[in-house]
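Q: I have a structure I would like to understand better, so I am pasting it below and will then ask my questions one at a time.
The values are calculated or read from the model by the stated rules, or taken from the named source; none is laboratory data. Only a predicted model underlies this, so the values are computations on that prediction, with no experimental measurement involved. Glycine also receives a Cβ, built like all others from the backbone with ideal geometry; neighbour counts cover every protein chain displayed.
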Amino acid sequence: MKITSAEFLKSSFQEKDWPLGATPEIAFMGRSNVGKSSLINSLLAVRGLARTSSTPGRTQSLNFFLINGRFRFVDLPGFGYARVPKAIKQSWGEMVSGYLAKREQLVLSIHIVDSRHEPTKLDLQLHEWLAHVAKPQLVVATKSDKLSNNELKASLGRVKRVLNSDHVVTFSAKTGRGGNEIWQAIENALADYKHPTL
């Protein structure tokens with residue numbers, strides 16, 4: 001897909017602040033510091049659009065971006081390692097689960113895992129919950145350039161086994177590996193989208 005425009009729309013902490021309209025959305029989610037923002041920036045070939053940080057838990061809101069004027073990317077808060085108070089973690093969970101459960105415009109959930117580490121119980125819970133609520137999802141294993149071919153093959157086997165998933169896309173923000181496959185999944189989801197009555 002050719003990217004002609006990509007702009008930050010808004011950050012939202014509550015449902016009332018979500019963007020209005022029937023524009024389809026693709027959500028990016030995963031553990032804190034797993035590479036969500038780097039993946040978004042790489043897919044869009046725009047440096048710094050989604051904020052990256054070496055500090056886990058920097059993304060604390062739902063961040064909406066308008067792409068090509070016709071669909072949105074949504075960067076969700078990471079879960080897991082963030083050094084924040086429990087009350088804030090709980091509010092993040094409520095914010096994210098509310099969005100994933102209620103948002104009719106959500107056409108694809110991209111679940112990001114770090115190819116260097118085995119998926120956690122939280123990853124499995126998210127994967128199973130998305131399946132339970134019948135939300136289309138794609139599992140993407142980031143940072144694949146940091147592993148040898150043999151290590152990556154073994155890692156993908158672990159990811160597929162732990163998440164009980166037949167298909168996992170390997171991705172590298174450094175080399176762009178896997179980007180075309182992710183875009184194909186996004187384009188397929190957009191093509192299948194039927195506008196909700198809003």
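Q: List the number of the failed condition for residue 175; all other conditions in (1) over 16 Å from the mean Cα position of the chain (by Cα); (2) closer than 23 Å to residue 126 by Cα; (3) among the β-branched types (Val, Ile, Thr) hold.
A: Only one criterion in (1) over 16 Å from the mean Cα position of the chain (by Cα); (2) closer than 23 Å to residue 126 by Cα; (3) among the β-branched types (Val, Ile, Thr) is unmet by residue 175, namely (2).
Q: Looking at (1) modelled with pLDDT of 90 or more; (2) in a helix (DSSP H, G or I); (3) closer than 24 Å to residue 61 by Cα, find the lone condition where residue 94 falls short.
A: (1)
Q: In the stretch 143-160, which residue that is under 26 Å from residue 189 (Cα atoms) and out of contact with any helix residue (DSSP H, G or I) (no Cβ under 6 Å at 6 or more places or on another chain) is surrounded by the fewest Cβ atoms within 10 Å (Cβ to Cβ)?
A: Filtering the stretch 143-160 down to residues under 26 Å from residue 189 (Cα atoms) leaves 143-144, 156-157, 159-160.
Going one step further and asking which of them are out of contact with any helix residue (DSSP H, G or I) (no Cβ under 6 Å at 6 or more places or on another chain), we end up with 143, 156-157, 159-160.
On the way: 143: 23, 156: 18, 157: 11, 159: 22, 160: 16.
Here the residue is 157.
Q: Related question: Scan the stretch 7-39 for residues that are at pLDDT below 90 and part of a helix (DSSP H, G or I) and jot them down.
A: Hits for the stretch 7-39 are 15, 36, 37, 38.
Q: Out of all the residues in the stretch 92-121, which are in contact (Cβ under 8 Å) with a residue 24 or more places away in the chain, surrounded by fewer than 19 Cβ atoms within 10 Å (Cβ to Cβ) and closer than 17 Å to residue 161 by Cβ?
A: Answer for the stretch 92-121, where residues must be in contact (Cβ under 8 Å) with a residue 24 or more places away in the chain, surrounded by fewer than 19 Cβ atoms within 10 Å (Cβ to Cβ) and closer than 17 Å to residue 161 by Cβ: 116, 118, 120.
Q: For the stretch 97-155, how many residues meet the condition of being more than 15 Å from the chain's Cα centre (by Cα) and on the phi > 0 side of the Ramachandran plot?
A: Count: 1.
Q: From (1) assigned to a helix (DSSP H, G or I); (2) in contact (Cβ under 8 Å) with a residue 60 or more places away in the chain, pick out the condition that doesn't hold for residue 195.
A: (1)
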